[in-house]
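Data block below; observations after.
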Amino acid sequence: MPVLVTAALITRDEEQHLPDCLASLAGVVDEIVVVDTGSLDSTPTIARAFGATVLERPWQGDFAAARNAGLDAATGEWILYIDADERLSVDGDLGAALQDPELVAGLVRFRAASAFTPYLEHRMFRNRPDIRFRGAMHETIVPDLSRVMEAEGTKAAPVPAAIEHLGYEGDQMHKHRRNLPLLEREVAEDPARTYLWYHLGVVRLALDDPSGAEEAWTRAIATSDARDQISNPALLSYVELALHRLGGGHSAADLVATLAQKRRDDPLTSWVMAGQAMHEARWHDAIALLEPLLAIDPNRVLNQELAYNRQIFDARALNALGVCRFQLGEVDEAARLFARAEASDPSNQEYRVKRELAEARAARR
């Protein structure tokens, strides 16, 4: 017996993205429910043309409330939640996977941006009134899913589906300005949620508030320290704060030492440890940390929660190795490394300049 799937979206002025999103759902979902929060363009018309049920709701500054309105109207056995700037693909028998009676949530391979590795995200779940989104910003279904799985002995598992997100490409300043007040309200209401502090730091830095960014990342780290563990959102905050310090010419030794103790095996820890070693002119130590990163194939990286910038396994690592070799006087090898970085990312003129400098230095020897 086929499994009925409802795709649930929230939209606002998405006429540019929505047609391709809805087209990607064809043949996969049985119903589309769109909650439109005040579009002034043709978004509702496009949605109806694809057969979607369109609910028009005024925007209340609460993403969870908007998503839950769509869940209330859904009639499928399963929910797929997706946004207009995302595209779905299926590479197996999704219906068979959803027939598993022990499965309450499907983990979908999600790529937030083309520059990052994918990770697994809870994008499909059973349509039940006790499973709803929480949080006005960075709304999440995970707390309800975790409660259900613990109480009933059910599970979340990967399903043969993937979602590509296009929305982080290009200028993000309008989103940062929109998100800032929402995030500040949310961290006031839920200060223990580490990811909110992490994202607030990212937004503040983008809006030219570096001290505010540092304060937010420090708060994120404090929430992790209170639990005596480094969660993935806290790891991101450690990394952002460390890289921000190192980028300003300051040491991040205290942060790096904690990461080395508690999250030593993560590639992000190796990356910031290498940065700290370079800050201290420990070039051989940095090389020992960077070379294993180059051995990682980013196409094979799939974390449960974390996305990695693909360039820490490629151009950025090559550039950092080139700097180390250059500082050690190995200018021929440095030139080769900079050339590889340039070939991987031709748009980065820094790599070209460094290659030319290393080649000129080698020619004079």
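Given the options Val148, Val34, Val256, which has the most mean-square fluctuation in a GNM of the chain, springs set between C-alpha atoms less than 10 angstrom apart?
Val148
Pairing the Cα long axis of helix 331-344 with the longest principal axis of the chain, what angle in degrees results, from 0 to 90 and rounded to the nearest 10?
Helix 331-344 sits at roughly 20 degrees to that axis.
Given Cα pairs under 8 Å that are at least 6 residues apart, what percent is the relative contact order of the stretch 5-165?
26 percent
Taking R0 as 56 Å, what FRET efficiency do you get between Arg128 and Asn299 from their Cβ-Cβ distance, rounded to the nearest 0.05? Could the numbers behind the result be given before it?
Details: r = 36 Å, r/R0 = 0.64.
Taking R0 as 56 Å, the efficiency between Arg128 and Asn299 is 0.95.
Hey, got the dipole for the stretch 171-245? About the Cα centre, +1 on K and R Cβ, -1 on D and E Cβ, debye to the nearest 20?
160 debye
If one takes the longest principal axis of the Cα atoms in the chain, at what angle in degrees, from 0 to 90 and to the nearest 10, does the Cα axis of helix 63-73 lie?
Result, in degrees: 30.
Give the separation of the Cα centroids, the stretch 297-365 to the stretch 31-62, in Å.
First find each Cα centre; the distance between them is then 46 Å.
What share of the DSSP beta bridges in the stretch 5-165 is antiparallel, in percent to the nearest 5? Please list the in-between numbers first.
On the way: 15 of 36 bridges.
Bridges in the stretch 5-165 are about 40 percent antiparallel.
Fewest to most neighbouring Cβ within 10 Å: what's the order for Tyr308, Tyr238? All intermediate terms of the calculation are to be shown ahead of the outcome.
Working: Tyr308 21, Tyr238 26.
Result, fewest neighbours first: Tyr308, Tyr238.
Using the basic label-point model (7 angstrom from Cα toward the beta carbon), what is the Thr218 to Asp190 distance in nanometres?
2.5 nm
Name the shape class, rounded, prolate or oblate, that the alpha-carbon gyration tensor gives for the chain, where a ≥ b ≥ c are the square roots of its eigenvalues, rounded holds for a/c under 1.5, and otherwise prolate holds if a/b is larger than b/c and oblate otherwise.
Details: a/c = 1.98, a/b = 1.80, b/c = 1.10.
The shape class here is prolate.
Between Ser146 and His284, what length comes free when the chain is fully extended (0.36 nm per residue of separation minus the Cα-Cα distance, one decimal in nm)? Show your work: numbers first, answer last.
On the way: separation 138, 0.36 × 138 = 49.68 nm, distance 4.48 nm.
Fully extending the segment from Ser146 to His284 adds 45.2 nm.
Relative contact order of the stretch 171-245, please, whole-number percent, based on alpha carbon pairs below 8 angstrom and at least 6 residues apart.
Values: 77 pairs, mean separation 20.2, N = 75.
It comes to 27 percent, rounded to a whole number.
Relative to the longest principal axis of the C-alpha atoms of the chain, give the angle of the C-alpha long axis of helix 142-152, reported between 0 and 90° and rounded to the nearest 10°.
70 degrees
Grab the beta carbon distance between Ala69 and Leu328, set R0 = 56 Å, and tell me the FRET efficiency rounded to 0.05. The partial results should precede the final answer.
Values: r = 61 Å, r/R0 = 1.08.
My answer for the efficiency is 0.40.
How about Lys354: which aspartates and glutamates have a C-alpha closer than 15 Å to its C-alpha, ignoring those fewer than 8 places off in the same chain?
Within reach: Glu330, Asp332, Glu333, Glu342, Asp345.
Using +1 at the C-beta of Lys and Arg and -1 at the C-beta of Asp and Glu, which of Thr53, Ser146, Gly76 has the Cα lying farthest in the positive direction of the dipole of the chain?
Ser146
Ranking Lys262, Lys175 by Cβ neighbours within 10 Å, fewest first, what do you get? Mind showing how you got there, number by number?
Values: Lys262 16, Lys175 13.
The order, fewest Cβ neighbours first, is Lys175, Lys262.
What shape does the stretch 265-365 take by its C-alpha gyration tensor, where a ≥ b ≥ c are the square roots of the eigenvalues and a/c under 1.5 counts as rounded, a/b above b/c as prolate, and the rest as oblate?
Values: a/c = 2.68, a/b = 1.56, b/c = 1.72.
Cα axes put the stretch 265-365 in the oblate bin.
Along the charge dipole of the stretch 265-365, which of Leu268, Ile296, Leu337 sits closest to the positive end, that is, farthest toward it, with unit charges on the beta carbon of Lys, Arg, Asp and Glu (+1, +1, -1, -1)?
With unit charges placed on the Cβ atoms, the residue in question is Leu337.
How far apart, in nm, are the 7 Å Cα→Cβ label points at Asn348 and Glu56?
Each label point lies 7 Å from its Cα, and together they span 4.8 nm.
Classify the stretch 171-245 as rounded, prolate or oblate, taking a ≥ b ≥ c as the square roots of the eigenvalues of its Cα gyration tensor: rounded when a/c is under 1.5, otherwise prolate if a/b is larger than b/c and oblate if not. Spell out each step's value before the answer.
Details: a/c = 2.19, a/b = 1.39, b/c = 1.58.
Since a/c reaches 1.5 but b/c is at least a/b, the shape of the stretch 171-245 is classed as oblate.
In a shell of Cβ-Cβ distance under 12 Å around Glu240, excluding Glu240 itself, what net charge do Lys and Arg (+1) and Asp and Glu (-1) give? If you can, show how the numbers build up before the last one.
On the way: positive: Arg204, Arg245; negative: Glu214.
Summing Lys/Arg as +1 and Asp/Glu as -1 gives +1.
Evaluate the relative contact order of the chain (contact order divided by residue number), counting alpha-carbon pairs under 8 angstrom at least 6 apart; express in whole percent. Please list the in-between numbers first.
Details: 628 pairs, mean separation 43.7, N = 365.
Relative contact order of the chain: 12 percent.
For the chain, give the magnitude of the charge dipole about the Cα centre (Cβ charges: +1 Lys/Arg, -1 Asp/Glu; no others), in debye to the nearest 20.
On the way: 39 positive and 56 negative charges, 197 e Å.
Here the chain has a charge dipole of around 940 debye.
Tell me what the chain gives for mean residue ellipticity at 222 nm when only DSSP H runs of n ≥ 4 count, each as -39,500 (n - 2.57), the sum divided by the residue total, rounded to 500 deg cm²/dmol.
-15500 deg cm²/dmol
So which aspartates and glutamates pass the test for Lys262, namely a Cα distance under 13 Å, with those fewer than 8 places away in the same chain ruled out?
Asp225, Asp228, Asp254
Every number in this text was worked out from the coordinates using simple rules, so none of it is lab data. Everything numeric here is computed off the predicted structure, so don't read it as measured data. In this analysis, Cβ positions are derived from the backbone assuming ideal geometry, glycine residues included, and neighbour counts consider all displayed protein chains.
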